[in-house]
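Chemist: Got a structure for you, questions after.
The values are calculated or read from the model by the stated rules, or taken from the named source; none is laboratory data. Quick caveat: nothing in here was measured; it's all calculated off a predicted structure. For neighbour counting, all protein chains shown are included, and Cβ atoms are generated from backbone atoms with ideal geometry for every residue, glycine included.
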Amino acid sequence: MWFSKPIRRKVTGETTVTRFSRGRYLATGVCLFLLGLLGSFYLTFPDKILRQRLVYELETRLPIQVDLTEATLQPLLTLAGEQMTIHLSGQPEALFQVDTFQVSPRWSKLLIGDPGLEGEFRSSTGKLSFSWQQSGPLAINGTTLPFDIPLATRQAMRISGNISTAEVATTAPLQSETRSRIDIYLDQILVKGLEALTANATGLRLGDISLQITGQGTSFSIKQLKISGGDLLVSGNGTLILATAKPQNSRINLNFSVRAGNQADPTLASLLELVGTSQANGSRKLRMTGTLAQPVFR
């Protein structure tokens, strides 16, 4: 009986461990190359062109004029900038001033197939942050932000003050099933251009304003409008139908009561007696209809 001798394979110089090590070194080399390439991209990206492009896009899409000192592209595709001043087109006064800002992709949402953006704008006193996803959800939060806005009715009239707190939860763009919530608190509100009605040469003092709104689609319910601490005391509620293409054409129906504050000028108190319907508490009941651009008071 013949027995065959076991055949042993000749062991080569490359084992599984060796092949794994080679693959690991190769992957490490590719990663280092990509990181170096990405790093050189950020270091050599033309900031001047980025700043010019950003200003162009903002001024093309919105009725504003933007002065921007610096804009850079940072790691993880974060757009950052400094010293941005925003004016309404044709208006010399600044609407908002931003010391620093940054906007970046929402990487956590990108992993689940719903990309979006998040960002933060900071001024010397406060900040405004936002987050948005491609599926629609939009959230905005702001604290201690000064503003100075011209009123559309008359160029000489302006409203200024501070956004104490602001919370907005909605979708962009608005859909018929969208549920929205808006809570805004303003302080030190002043309307310039109505100095003839008050004893204060700086304008009509409105003090603090509280506004609470809920909505579905483009239909909104003004749950509460309250003005206190100034020349007027106002409380009211109503509805708003938003015109998304031209917001100034949005239709409003607001019922409110108004009376002069304790420190109001007698001239203002006398004028209030000529409008609306008298109430038992001494206030006057009024109704505002029409559009935001052309309101009608009754």
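Chemist: Within the bounds of region 162-184, is there any residue that is modelled with pLDDT of 85 or more, within 25 Å of R53 (Cβ to Cβ) and in a strand (DSSP E or B)?
Modeler: no
Chemist: Those residues that are crowded, with 16+ Cβ neighbours inside 10 Å, assigned to a strand (DSSP E or B) and not charged (D, E, K, R), I need them from region 120-130; list them, please.
Modeler: Selection gives F121, L128, F130.
Chemist: Sticking with this structure for a sec: Scanning for something assigned to a strand (DSSP E or B), surrounded by fewer than 16 Cβ atoms within 10 Å (Cβ to Cβ) and of a type in the set (A, V, I, L, M), does region 144-160 turn up at least one residue?
Modeler: Checked against the condition, which is being assigned to a strand (DSSP E or B), surrounded by fewer than 16 Cβ atoms within 10 Å (Cβ to Cβ) and of a type in the set (A, V, I, L, M), region 144-160 yields at least one hit.
Chemist: Continuing with the same structure: Scanning region 191-234 for residues that are without any contact (Cβ under 8 Å) to a residue 40 or more places away in the chain and hydroxyl-bearing (S, T, Y), which turns out nearest to R158 (Cα to Cα)?
Modeler: Filtering first and then ranking leaves T202.
Chemist: Exactly one condition in (1) farther than 29 Å from L272 by Cα; (2) buried (at least 17 other Cβ atoms within 10 Å of the Cβ) is false for L204; which is it?
Modeler: (1)
Chemist: Within the set of pairs 6 or more residues apart or between chains, which connect a residue that is more than 16 Å from S219 (Cβ to Cβ) inside region 157-176 to a residue that is β-branched (V, I, T) with Cβ atoms less than 6 Å apart?
Modeler: I159/I149; I159/V191; G161/I189; T165/T143; A166/I184; V168/I140; V168/I182
Chemist: Right, here's the next one. State the number of residues belonging to region 106-119 that are at pLDDT 80 or above and surrounded by 15 or more Cβ atoms within 10 Å (Cβ to Cβ).
Modeler: Number satisfying all stated conditions: 6.
Chemist: When the residues of region 257-288 are filtered to those that are surrounded by 15 or more Cβ atoms within 10 Å (Cβ to Cβ) and more than 24 Å from G203 (Cβ to Cβ), which remaining residue is nearest to the chain's Cα centre (by Cα)?
Modeler: R287
Chemist: For K5, state whether it is at pLDDT below 80 and not in a helix (DSSP H, G or I).
Modeler: Answer is yes for this residue.
Chemist: Suppose we keep only residues that are charged (D, E, K, R) and modelled with pLDDT under 80 within region 60-94. Which one would you say is nearest to E118 (Cα to Cα)?
Modeler: Looking at residues that are charged (D, E, K, R) and modelled with pLDDT under 80, I get R61.
Chemist: Give me a count of the residues in region 194-226 that are within 21 Å of R284 (Cα to Cα), among the β-branched types (V, I, T) and modelled with pLDDT under 95.
Modeler: Matching residues across region 194-226 total 1.
Chemist: Within region 82-93, can you find the residues that are among the polar types (S, T, N, Q) and either surrounded by 15 or more Cβ atoms within 10 Å (Cβ to Cβ) or outside any strand (DSSP E or B) (or both)?
Modeler: Scanning region 82-93 gives S89, Q91.
Chemist: Still on this structure, I have one more. Name every residue in region 60-81 that is without any contact (Cβ under 8 Å) to a residue 24 or more places away in the chain and surrounded by 14 or more Cβ atoms within 10 Å (Cβ to Cβ), in order of residue number. Show your work before the answer.
Modeler: Filtering region 60-81 for residues without any contact (Cβ under 8 Å) to a residue 24 or more places away in the chain gives 60-62, 66-70, 80.
V66, L68, E70, A80 - these are the residues of region 60-81 that are without any contact (Cβ under 8 Å) to a residue 24 or more places away in the chain and surrounded by 14 or more Cβ atoms within 10 Å (Cβ to Cβ).
Chemist: Let me ask another. Would you mind listing the strands (runs of 3 or more DSSP E) fully within region 191-298 where at least 2 residues are out of contact with any Lys or Arg (no Cβ under 7 Å at 6 or more places or on another chain) and under 23 Å from I163 (Cα atoms)? Write out each step before concluding.
Modeler: Numbers: elements: 204-216, 219-228, 232-241, 251-260, 284-290, 295-297.
Here the list reads 204-216, 219-228, 232-241, 251-260.
Chemist: Can you find, within region 94-109, the residue that is farthest from E70 (Cα to Cα) among those that are in contact with a strand residue (DSSP E or B) (Cβ under 8 Å, 6 or more places away or on another chain) and not in a strand (DSSP E or B)?
Modeler: First, the residues of region 94-109 that are in contact with a strand residue (DSSP E or B) (Cβ under 8 Å, 6 or more places away or on another chain): 94-106, 109.
Next, from what is left, pick out any that are not in a strand (DSSP E or B): 94-95, 106, 109.
On the way: A94: 18, L95: 19, R106: 23, K109: 29 Å.
Applying the filter and picking the extreme gives K109.
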